[in-house]
Amino acid sequence: MAAAEPKPPAGADAARRLAGGCWSALWDYETPKVIVSVRVSNATCDVDEDCVSGQLDMLGNGLRTGRCVPYYQGSAKTCEVSGWCPVEDGASVSQFLGKMAPNFTILIKNSIHYPKFQFSKGNIEHRKDGYLKHCTFDEVSDLYCPIFKLGFIVEQAGENFTELAHTGGVIGVVINWDCDLDLPASKCNPKYSFRRLDPKHVPASSGYNFRFAKYYKTNNSTTRTLIKAYGIRIDVIVHGQAGKFSLIPTIINLATALTSIGVGSFLCDWILLTFMNKNKVYSHKKFDKVCAPRHSPGSWPVTLALVLGQAPPPAPPCPADPSQACQALAVPPPPKQMVDTPASEPPWQDSTLADPRGLAQL
């Protein structure tokens, strides 16, 4: 696209100097008829019918007029559009931001409130000596003076201010309030951290810029100043949590934890069996005693019973002389189930059998 560049509107010299000092500025004047570049998709034409009047070309910078006109060079033809001229080319780049903006200051006001504990606090110290008029933020000496230099924020985010000023960027200021309200309120202090939020290695989404225009009316002609501003956007992000000791939640959480690992039932049994007056009654209801049949001393049930102290002593060995009788304890068959009850258990019955061959040991 191309068009003749008229003179700037009268009285706009101050705006030009401001735009040249702080932003990348483009002067757009009266809306003449503009020829679309042949590099724009579907811009070439042969006759006027190929150019639909009122159709918008997103890359053509205007609405089509419905005319097919010769291009500047060669024999090609393109559709004519009506748009602001000259078009944006991005040639005007300001260096002012990178030189003076690092000393710009930003005041960040923040306050937090925990309604459950009725606790509130802010990040500005309440003093009557004009403290905020001459202080800047320092993590050690001036923690409650939230006046930050722009260069300090960019440096803490790990970025170079000169490089960031050319394309712009988004910096996040994270304020973290982690407070233990069992301690005095002076121990609840904000912690600041800084990081860049836009992906600087992705050209399509890195940087920060926006456009705005100032419109004029001169000799019945509409003019405007289009300004593309590159800047540093500051996003303030606040996180926080607070806690205070309370007996009831502590007991509930402790009981829940002990129950989840099976310690609760063990503690209850231990208390009932140790400290209750009727612990024997609880023991009879809790545990059942089952008597196993007696076997020879060499078998494993009898050996286990001897180890546990729940079996009578084994029968004496038989003498070598078969004429001498051997006494053995005849064990009656065990009942199907014997349960320990408050009634006394029947004693074992001993009987003497004449067994000259030692069959009682079987």
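Just a few scattered comments:
- Sorting the segments 52-59, 244-251, 187-194, 162-169 by their mean number of nearby beta carbons within 10 angstrom, highest to lowest, gives 162-169, 187-194, 52-59, 244-251.
- Once the 1.4 Å probe is applied to the protein heavy atoms, the range 158-231 comes out at 57 Å² accessible per residue.
- Reported to the nearest whole Å, the Cα centre-to-centre distance from the range 204-227 to the range 41-85 is 23.
- Legend: residue pairs Lys200/Lys228; Lys99/Lys121; Lys133/Lys214; Lys109/Lys214; Lys149/Lys228; Lys133/Lys244, Cα-Cα distance threshold 27 Å; pairs beyond threshold, Lys99/Lys121; Lys133/Lys214; Lys109/Lys214; Lys133/Lys244.
- Packing-based ranking, highest mean first, of 63-71, 78-86 given that Cβ atoms within 10 Å are counted: 78-86, 63-71
- Summary of the geometry: the range 174-199 and the range 238-275, compared by the centres of their Cα atoms, lie 31 Å apart.
The values are calculated or read from the model by the stated rules, or taken from the named source; none is laboratory data. Here the structure is a predicted model, which means the values were calculated and not measured. Note: ideal-geometry Cβ built from the backbone for every residue, glycine included; neighbour counts use all protein chains shown. Protein only, heavy atoms only, side chains kept; ligands, DNA and RNA dropped before computing areas. Shrake-Rupley method; radii C 1.70, N 1.55, O 1.52, S 1.80 Å.
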